[in-house]
Amino acid sequence: MNKQREATPAYIIMTSIIFGLFVIIQSIQVIYTPHTFVRVVNLITIIFLSSAIGAFIRELFILKKKK
């Protein structure tokens with residue numbers, strides 16, 4: 001039996017907060033690192049994490065609209 005669980009708003013909010021903290025940490029590292037390669041890699045990571053946060057927030061609004 002492959003039962004798929006639906007995401008709850010609490011799970012989505014918690015995941016968004018965790019990803020938000022990762023974005024803040026990566027942003028601080030981009031500001032203070034003297035190495036260009038590290039800056040580029042961290043900026044790419046920030047872009048992907050920000051898009052994930054946006055997807056979770058969009059999913060939260062979709063769940064809110066369903067109920």
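Just so you know, all these numbers are worked out from the coordinates, no wet-lab data involved. Bear in mind the structure is a predicted one, so any value in this text is a computation, not a measurement. Here the Cβ positions follow ideal geometry from the backbone for every residue, glycine too, while neighbour counts run over all protein chains shown.
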Checklist entry - Relative contact order for the chain: what is it in percent, counting Cα pairs under 8 Å that are at least 6 residues apart? => result 42 percent
Checklist outcome for this item: Magnitude of the Cβ-charge dipole (Lys and Arg +1, Asp and Glu -1) of the chain about the Cα centre, nearest 20 debye, reported as 380 debye
Checklist entry - Pick the calculated volume of the Cα convex hull per residue in Å³ for this structure from (i) 94; (ii) 198; (iii) 107? => result (i)
Item to check | Positive-pole candidate from 7, 53, 23, dipole of the chain, charges at beta carbon | outcome: 7
